[in-house]
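Enquirer: I'd like to ask some things about the structure below.
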Amino acid sequence: MPVVRANPISPAEPVPVSEVPATVFPLSERALLGLCLGLILLITLVDILTPASLVVGTLLSAPIALAALGVSRLWTLRLIGLVLAGNVLAAVCNGLRDSADVADLVNRVVSMLAALLVGVLTLRAREASARAARLTEERRRLGRERALRALVEAVSGPFGQGEFVVRAAQALRDLSGAERVEIGSVDRAVLAAPHGLSPEHGPGRLGMRLPLEVLARPAGTGRVWATGGGDLLLARLSRPHGDDLLLLLTRPTAAPDVLEEAVLTLQPLLDRTALLDDLQLRQTQLQERGELMQDLVYALSHDLRTPLMANTMNMRLALKGAYGPLPEDYLSTLRHGLDANAALLALADQLLLVAKYESGEQEDPVGSVALRDVVLGALSQLSARAEERGVSFETGLDGVRVPGLTHDLRRAAQNLLENAVRFSPPGGVVRVTLSADDGEAVLRVLDQGPGIAPGREATLFQRFRAGGAGGGTGLGLYLTRRIAEAHRGRVTYTRTAAAQSVFSLWLPLETP
């Protein structure tokens, strides 16, 4: 691979205390060690052969100083020992031959102390050099970590692949020092979207056919490879549901291994953007389906009401004799038809309310609602049905006011009362109370019905959970819950010790 200019954040191998960076001196440690040993041997021989007064052993400090250029700490200590031994050997030989006096001995001691001093200074210099190398390496490591962290921060966030690619191009240019960075997918040898270019107004390759040397990665190369004489560095990012992204960096100053680490950092972030795009697509599809279902519910409810109301009017006219006297069997059929129409109209109203609350619509203004009047109105509508079943009402209603929508609250109260009437036994009593309790209005409906089947309490207020108390269409109690929540309240169910069911609607009281 062609040589690329190095960046200050490019990595380097850690330097131990006992070693000096090899870039300080071109000689290898073995050659330098051989040179030092040879000098020690040569100087020791000369010292032995010359008169003691010359003290040639002082020159033995030179190999120790030379060892600082690339000899390990252990061998430096060994060289100091050899130098001291050479001084002792020369002193003995000179003394036996020349009968050295006190001055010669003093000179020899000074020579040995000089060798020790140079040795200590050499070791200190080596340690300082090693610390400087470690600090340099730490600065490089911190610089690279800062650059990669800036890269991650630039592309992190709830971005789709399009915005991710644009941000990644700018961040890679800041990290690599490249003149231009371009990222795009490769569609049949043509650079296509998603596409990012930094600087944005520079010449790009979007829509252009790429040469083979750019598309093909040479065998044996890593994630980053070079072409164009080393002026263009290339890399690829894989996409789970699409063509790979090609990264083109023009004249980067960062080392290739730094760029490889950047590519490895970007890959999981790109995978996350693919997940976000997929989630956004699914959310859009669900929203479109929800809108379609809402439109269908609105249309169905509206189209149901018109023919049902017309049919109801005709049957009532027939019951009143508008079409002449009718047989009793036919009149009975008309009455059953009116009941069925009333049930269908109630279902249409419930579907409209379900569609409104599911879509989050709130068109009507919130006002002050006299909840006692609402409950009395619902009881009046249900009195005929209750008489048919032999069910009576006992009431204890206080005058309380709550903020809300009158029509919706009437529907919530009616659902609870209808539920109690439907499941009360013949001759049963439904007790209805309304009171204020710790800043809330509480509507309680108590009946003597069979209650909720074991295991159904958790799903009682969900959609289409018919069967037992709370049954019917499966929308009544669900709508009651949604209306209560929309009014910042709640609805609950309990079973008393006397085998009675209690549904309670809690709503915040109106504040002055």
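Enquirer: Please report the spacing between the Cα centers of segment 234-262 and segment 89-122 in Å, no decimals.
Expert: So the two Cα centres are separated by 65 Å.
Enquirer: What number, rounded to the nearest 500 deg cm²/dmol, is the helix-based mean residue ellipticity at 222 nm of the chain, given -39500 (n - 2.57) per DSSP H run of at least four residues and division by all its residues? All intermediate terms of the calculation are to be shown ahead of the outcome.
Expert: Values: 11 runs with 272 residues, N = 512.
Taking each H run of at least 4 residues, the total per residue is -19000 deg cm²/dmol.
Enquirer: Still on this structure: Work out the FRET efficiency for Leu42 and Asp257 from their Cβ-Cβ distance, taking R0 = 41 Å, and round it to the nearest 0.05.
Expert: 0.35
Enquirer: For segment 99-244, what Kirkwood radius comes out of the mean inverse Cα-Cα distance, in Å?
Expert: 20.1 Å
Enquirer: Mean Kyte-Doolittle hydropathy of 1.0 or higher plus an axial Cα length of 24 Å or more: which whole DSSP H helices in the chain meet both?
Expert: 29-49
Enquirer: Grab the eigenvalues of the alpha-carbon gyration tensor for segment 26-94, scale each by 5, take roots, and send me the semi-axes largest first in whole angstrom.
Expert: In descending order, the three semi-axes are 24, 11, 8 Å.
Enquirer: Would you please state the base-10 log of I(q)/I(0) at q = 0.14 1/Å for segment 213-271, with intensities from the Debye formula using one equal scatterer on every alpha carbon?
Expert: Taking Cα atoms of segment 213-271 as identical point scatterers yields -0.37.
Enquirer: If you roll a 1.4 Å probe over the heavy atoms of the protein chains, what accessible area per residue do you get for the chain, in Å²?
Expert: 53 Å²
Enquirer: Just by accessible area at a 1.4 angstrom probe, what is the order of Met315, Met208 from largest to smallest?
Expert: Met208, Met315
Enquirer: Roughly how many debye, to the nearest 20, is the charge dipole of the chain about its Cα centre, given +1 on each Lys and Arg Cβ, -1 on each Asp and Glu Cβ, and no other charges?
Expert: Rounded to the nearest 20 debye, it is 720 debye.
Enquirer: Give me a comma-separated list of calculated 3J(HN,Hα) values for segment 214-230, in order, Karplus coefficients 6.51, -1.76, 1.60 applied at θ = phi - 60°, integers in Hz, x for any Gly or Pro.
Expert: Result, rounded to whole Hz: 7, 6, 8, 8, x, 5, x, 8, x, 5, 10, 9, 10, 8, x, x, x.
Enquirer: Sorted from largest down, give the three principal axis spans of the alpha carbons of segment 46-157, whole angstrom values.
Expert: Cα spread of segment 46-157 along its principal axes, largest to smallest: 88, 18, 15 Å.
Enquirer: Just the number: Rg to Rh for segment 84-128, Cα atoms, Kirkwood Rh, two decimals.
Expert: Numbers: Rg = 13.4 Å, Rh = 11.6 Å.
With Rh from the inverse mean 1/r over Cα pairs, Rg/Rh is 1.16.
Enquirer: Considering the options Leu477, Thr76, Met315, tell which one lies farthest towards the positive end of the dipole of the chain, charges being +1 on Lys and Arg and -1 on Asp and Glu at the Cβ, about the Cα centre.
Expert: Checking the options against the dipole of the chain, the answer is Thr76.
Enquirer: If you consider only alpha-carbon coordinates, what radius of gyration and Dmax does segment 381-442 have, in Å?
Expert: 13.0, 38
Enquirer: Sticking with this structure for a sec: Of the accessible area of segment 95-188, with the probe set at 1.4 angstrom, what percent is carbon plus sulfur?
Expert: The nonpolar share, carbon plus sulfur, comes to 59 percent.
Enquirer: Roughly speaking, what % of Cα-Cα pairs in segment 172-288 are separated by over 17 Å, rounded to a whole number?
Expert: Cα-Cα pairs of segment 172-288 separated by over 17 Å account for 58 percent.
Enquirer: Lys/Arg Cβ at +1, Asp/Glu Cβ at -1, dipole of the chain taken about the Cα centre: which of Pro454, His336, Leu89 is farthest positive-ward?
Expert: The listed residue farthest towards the positive side: Leu89.
Enquirer: Summing +1 for each Lys or Arg and -1 for each Asp or Glu, what net charge is found among the other residues whose Cβ lies under 15 Å from the Cβ of Ala436?
Expert: My count for the surroundings of Ala436 gives -2.
Enquirer: Counting only DSSP beta bridges with both residues in the chain, tell me the antiparallel percent, nearest 5.
Expert: Working: 49 of 55 bridges.
Percentage antiparallel, nearest 5: 90.
Enquirer: Moving on. Any idea what log10 I(q)/I(0) is at q = 0.11 Å⁻¹ for the chain, Debye with uniform C-alpha scatterers and no solvent?
Expert: Computed log10 I(q)/I(0) values: -0.97.
The values are calculated or read from the model by the stated rules, or taken from the named source; none is laboratory data. What you see is a predicted model, and the numbers here were worked out from it, not measured in a lab. Positions of Cβ are backbone-derived with ideal geometry, glycine not excepted, and every protein chain shown enters the neighbour counts. Please note that ligands, DNA and RNA were not included when accessible areas were found on the heavy atoms of the full protein model with its side chains. Shrake-Rupley method; radii C 1.70, N 1.55, O 1.52, S 1.80 Å.
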